[in-house]
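**Q** Here you go, one structure.
The values are calculated or read from the model by the stated rules, or taken from the named source; none is laboratory data. The structure displayed is predicted, hence computed values, not measured ones. All Cβ positions, glycine included, derive from the backbone under ideal geometry; neighbour counts span all protein chains shown.
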Amino acid sequence: MAEGTKARRHEGTEGPLVSVVVPTYERPEALARCLDSIESTVRVPHEVVCVTVAGDDATEQALAGRAVRQIVQGGRGGFVEALNMGLRGALGTYVTQLNDDCVLLPYTIENAVRFLEAPAHDAVALAAFFHDSSVRRNVYAQIEVEGTWYYVCHVRGLCYANFGLARRTLYERLDYCDDRYYMYGADPDFSLKVWHLAKREVRPCPGALVHHDELDDDRASAERARQDEDNRKLFEKWGLG
């Protein structure tokens, strides 16, 4: 699939500490809120990598004038394909991923970096962010902040990160996300690779919070139609049946 890169990068010569990868498609208003939250909350050297689809003019307009690095897909091939393009193009020491309908809460990135760098967490390779999902099953940990409950989930008792922070070298070592998934299986699968292949841990980071709008639009409906197939692949791959 053809791809290109447009340079819209932060000023300065030093590399970023954190890369924030945001795959996006035809959600300009939500994307603007997501990017605003990154700009207003992240206080460490960072870059934003937006993976877009060629011909998505509304997204192009939403990105105009913003300090982001854009990777352009020649055609839409699914969330995981877009995410892997962003992860492979990331330059930061640490990498995190946000959906375009997510809002990053203050201090999340800084707290996650400190969490992973703390000597007491030497066995932890992936810091899981708490998120306010509407899904209430398979809850591993929960925390209430200003009247809102945020959750981290598990797969067969092992913590996994819907959103999280890890070193870029970990993604390289584990060959990024398994591109056999379309969307839903990628997060638990990568976390299981951390547990079983890297022999490291995935743990909740209490100071890392993400608000997820979980928009119910045509794109979300099309993605949900692939959920059962992704789950089947996940259970078959890891013997979870």
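**Q** Filter the range 183-221 for residues that are modelled with pLDDT of 95 or more, in a helix (DSSP H, G or I) and more than 13 Å from the chain's Cα centre (by Cα); which is nearest to THR169 (Cα to Cα)?
**A** Ranking the qualifying residues of the range 183-221, first place goes to VAL194.
**Q** In the range 222-241, how many are without any contact (Cβ under 8 Å) to a residue 40 or more places away in the chain, outside any helix (DSSP H, G or I) and at negative phi?
**A** Final tally of qualifying residues: 2.
**Q** Does the range 185-203 contain at least one residue that is touching a Lys or Arg at 6+ places or on another chain (Cβ under 6 Å) and either among the hydrophobic types (A, V, I, L, M, F, W, C) or more than 24 Å from ALA120 (Cβ to Cβ) (or both)? Working first, answer last.
**A** Narrowing the range 185-203 to residues touching a Lys or Arg at 6+ places or on another chain (Cβ under 6 Å): 185, 194.
Now narrow it down to the ones that are either among the hydrophobic types (A, V, I, L, M, F, W, C) or more than 24 Å from ALA120 (Cβ to Cβ) (or both): 185, 194.
Within the range 185-203, one or more residues are touching a Lys or Arg at 6+ places or on another chain (Cβ under 6 Å) and either among the hydrophobic types (A, V, I, L, M, F, W, C) or more than 24 Å from ALA120 (Cβ to Cβ) (or both).
**Q** Continuing with this model, one more query. Taking ASP100 as meeting all but one of (1) charged (D, E, K, R); (2) in a loop (DSSP other than H, G, I, E, B); (3) more than 14 Å from the chain's Cα centre (by Cα); (4) surrounded by 15 or more Cβ atoms within 10 Å (Cβ to Cβ), write down the number of the exception.
**A** (3) is the only condition that ASP100 fails.
**Q** Another question, if that's okay. How about the range 141-183: which of its residues are small (Gly, Ala, Ser) and under 27 Å from HIS46 (Cα atoms)? Spell out the reasoning first.
**A** Initially, the range 141-183 is screened for residues small (Gly, Ala, Ser), giving 141, 147, 157, 161, 164, 166.
ALA161, GLY164, ALA166, listed by residue number.
**Q** So, one more: List, please: which pairs have Cβ atoms under 7 Å, are six or more places apart or on different chains, and start with a residue in the range 22-50 that is polar (S, T, N, Q) and end with one that is at pLDDT 95 or above and assigned to a helix (DSSP H, G or I)?
**A** Partner pairs satisfying both residue conditions: THR24/LEU31; THR24/THR59; THR41/THR108.
**Q** Would you mention how many residues in the range 103-141 are part of a loop (DSSP other than H, G, I, E, B) and either among the charged types (D, E, K, R) or closer than 13 Å to VAL152 by Cβ (or both)? Give the steps one after another, and end with the answer.
**A** Start the filter on the range 103-141 by keeping residues that are part of a loop (DSSP other than H, G, I, E, B), which leaves 105-107, 118, 122-123, 132-138.
Pick out the ones that are also either among the charged types (D, E, K, R) or closer than 13 Å to VAL152 by Cβ (or both) and you get 122, 132-133, 135-138.
The total comes to 7.
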